[in-house]
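Worksheet for the structure shown next.
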Amino acid sequence: QVQLVESGGGLVQPGGSLRLSCAGSGIRYNVNGRGWYRQAPGKQRELVAVMNRSGSTNYADSVKGRFTISRDNAENTVYLQMNNLKPEDTAIYYCKLSILGIDYWGQGTQVTVSS
């Protein structure tokens, strides 16, 4: 059974950086897509960054130039490097892997940007 575990969230001051990790286990087939999403209080979950099987990436306009999605295929891990964080980046961040047409989600990790 596929399981995803996120880590790396926490409290950071504006302008700071965090690196989120999403470790996958139980993965038997090729991952077609990887992504990070976030959900702020009272708002819908939104796309932050995605990477397809070939490595092409796409980012939400609000994070372009500040966030970078990457992967480690050998360890089935996807990362989100977040720089120059802003208070509006505060949210629960979720990773998602798409395998054979099925989306798998992690449990989420809280990111709080505050002085």
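Going through (1) surrounded by fewer than 19 Cβ atoms within 10 Å (Cβ to Cβ); (2) over 13 Å from the mean Cα position of the chain (by Cα); (3) not acidic (Asp, Glu) one by one, Leu85 falls short only on (1). Among the residues of the stretch 26-38, are any within 14 Å of Cys95 (Cα to Cα), among the aromatic types (Phe, Trp, Tyr), in contact with a Lys or Arg (Cβ under 6 Å, 6 or more places away or on another chain) and surrounded by 12 or more Cβ atoms within 10 Å (Cβ to Cβ)? Yes, the conditions are met somewhere in the stretch 26-38.
The condition (being farther than 13 Å from Tyr79 by Cα and modelled with pLDDT under 95) is satisfied by just one residue among Arg45, Arg38, Arg66, Arg28: Arg28. Of the residues making up the stretch 86-103, those that are touching a Leu at 6+ places or on another chain (Cβ under 7 Å) and under 19 Å from Gln44 (Cβ atoms) number 2. Among the residues of the stretch 50-81, those that are within 18 Å of Ser21 (Cβ to Cβ) and open to solvent by 80 Å² or more (accessible area, probe 1.4 Å) comprise Asn73, Ala74, Glu75.
Each row is one residue, and each column tells you yes or no for (1) out of contact with any helix residue (DSSP H, G or I) (no Cβ under 6 Å at 6 or more places or on another chain); (2) touching a residue at least 12 places away in the same chain (Cβ under 8 Å); (3) under 22 Å from Thr112 (Cβ atoms).
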residue: Arg28; (1), (2), (3): yes, no, no
residue: Val31; (1), (2), (3): yes, yes, no
residue: Trp36; (1), (2), (3): yes, yes, yes
residue: Gln44; (1), (2), (3): yes, no, yes
residue: Asn52; (1), (2), (3): yes, yes, no
residue: Thr57; (1), (2), (3): yes, yes, no
residue: Ser62; (1), (2), (3): yes, yes, yes
residue: Gly65; (1), (2), (3): yes, no, yes
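The residues of the stretch 1-43 that are of a type in the set (Lys, Arg) and outside any strand (DSSP E or B), listed by number, are Arg28, Lys43. Taking the listed residues Leu20, Leu4, Leu11, Leu47, the one that is aliphatic (A, V, I, L, M) and open to solvent by 80 Å² or more (accessible area, probe 1.4 Å) is Leu11, with no other qualifying. Among residues of the stretch 88-109 being open to solvent by 40 Å² or more (accessible area, probe 1.4 Å) and aromatic (Phe, Trp, Tyr), the one that is nearest to Asn32 (Cα to Cα) is Tyr104. Note on the stretch 60-103: enclosed strands (runs of 3 or more DSSP E) holding 2 or more residues that are among the aliphatic types (A, V, I, L, M) and under 25 Å from Val12 (Cα atoms) are 77-82, 91-99. Annotation note: of Thr90, Thr112, the sole residue that is more than 21 Å from Arg53 (Cα to Cα) and under 14 Å from the mean Cα position of the chain (by Cα) is Thr90.
The values are calculated or read from the model by the stated rules, or taken from the named source; none is laboratory data. What you are looking at is a predicted structure, and each value in this text was computed from that prediction instead of being measured. Cβ sites come from the backbone with ideal geometry, for glycine too, and all protein chains shown count toward neighbours. The area values use the complete protein model at the heavy-atom level, side chains included, leaving out ligands, DNA and RNA. Shrake-Rupley method; radii C 1.70, N 1.55, O 1.52, S 1.80 Å.
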